[in-house]
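A short write-up of the structure that comes next.
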Ligand code: SF4
């Protein structure tokens, strides 16, 4: 492989590792937990600031990720070779496995999850539905009563509206992938709480990395805020193209909001037309 390709691949892996480490996810495979910390990899430590994306949200609005080490420990900076203290797989191996894992593998890893308190009131886990090869992923907030009963996302009234929106784009539900930030229904359809989002959102990140969609549409504030780590209102960014770790991402209103505020459908249709243009889809009919 040419040097430039190796360099680009290594840089991509470094960015992915930093992201997972910022989330506190490493190691995140149940069968890959190390008995002790792995060797220090100086080449993985941040060396230069990452250039800001044109779509990047102001830093002051972002939740602060966990800090990376700012200095290399003495053993690594003394010039002496650092000996591995664990025979476990390297973080590079973990990142490669993450990039290659399928939705089925992620679902298997989720299992009959009890990682947060939402497990105690759910009937069915709502993992996601659609194509592993989808170019378009819709991300909502969490399951409602109908979804909790059926184990499928967006099957209630809001789901029927989402299906109409997808079909108005000239697609079928099976062409896209639909999932939520949390996979279990919050009681009374309340917003998921921060600890619940923190426990469940790593599975969303892995779903997105497994599918590698061309476009992610965030339905409502929770999805948008979770992916971008911001607390700002969706109204600041609705309809704007943003960058989520290299993916094109566009926030718009949740279909449940449209059921309460039908006048906002026109805004959402404008947003979906942007998505259609990005995907090279022809506008066939207007949303009702
Ligand atoms: S919401 Fe997510 S983390 Fe919480 S129990 Fe359900 S699947 Fe597990």
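The values are calculated or read from the model by the stated rules, or taken from the named source; none is laboratory data. Bear in mind the structure is a predicted one, so any value in this text is a computation, not a measurement. Heads up, the Cβs are rebuilt from the backbone with ideal geometry, glycines too, and the neighbour counts pull from every protein chain shown.
Is there a residue being more than 16 Å from the ligand (Cβ to nearest atom) and surrounded by fewer than 19 Cβ atoms within 10 Å (Cβ to Cβ) anywhere in segment 249-259? Looking for residues that are more than 16 Å from the ligand (Cβ to nearest atom) and surrounded by fewer than 19 Cβ atoms within 10 Å (Cβ to Cβ), one finds at least one in segment 249-259, hence yes.
Take residue 93 and tell me if it is surrounded by fewer than 19 Cβ atoms within 10 Å (Cβ to Cβ) and at pLDDT below 95. So residue 93 fits the description; yes.
Criterion applied to 271, 243 was being assigned to a helix (DSSP H, G or I) and surrounded by fewer than 22 Cβ atoms within 10 Å (Cβ to Cβ), and the one residue passing it is 271. Here is the figure for segment 98-139: residues that are part of a loop (DSSP other than H, G, I, E, B), farther than 19 Å from residue 152 by Cβ, touching a residue at least 40 places away in the same chain (Cβ under 8 Å) and within 16 Å of the ligand (Cβ to nearest atom) total 2. Looking across segment 208-225, just one residue is surrounded by fewer than 22 Cβ atoms within 10 Å (Cβ to Cβ) and within 16 Å of the ligand (Cβ to nearest atom), and that is 208. Residue check: residue 178 meets all listed conditions (1) within 19 Å of residue 101 (Cα to Cα); (2) part of a helix (DSSP H, G or I) but one, namely (2).
Determine if segment 177-194 includes at least one residue that is more than 15 Å from the ligand (Cβ to nearest atom), within 20 Å of residue 252 (Cβ to Cβ) and touching a helix residue (DSSP H, G or I) at 6+ places or on another chain (Cβ under 6 Å). Within segment 177-194, one or more residues are more than 15 Å from the ligand (Cβ to nearest atom), within 20 Å of residue 252 (Cβ to Cβ) and touching a helix residue (DSSP H, G or I) at 6+ places or on another chain (Cβ under 6 Å). Of the residues that sit in segment 161-206 and are touching a strand residue (DSSP E or B) at 6+ places or on another chain (Cβ under 6 Å) and either farther than 18 Å from residue 144 by Cβ or modelled with pLDDT under 95 (or both), which one is surrounded by the fewest Cβ atoms within 10 Å (Cβ to Cβ)? Result: 176.
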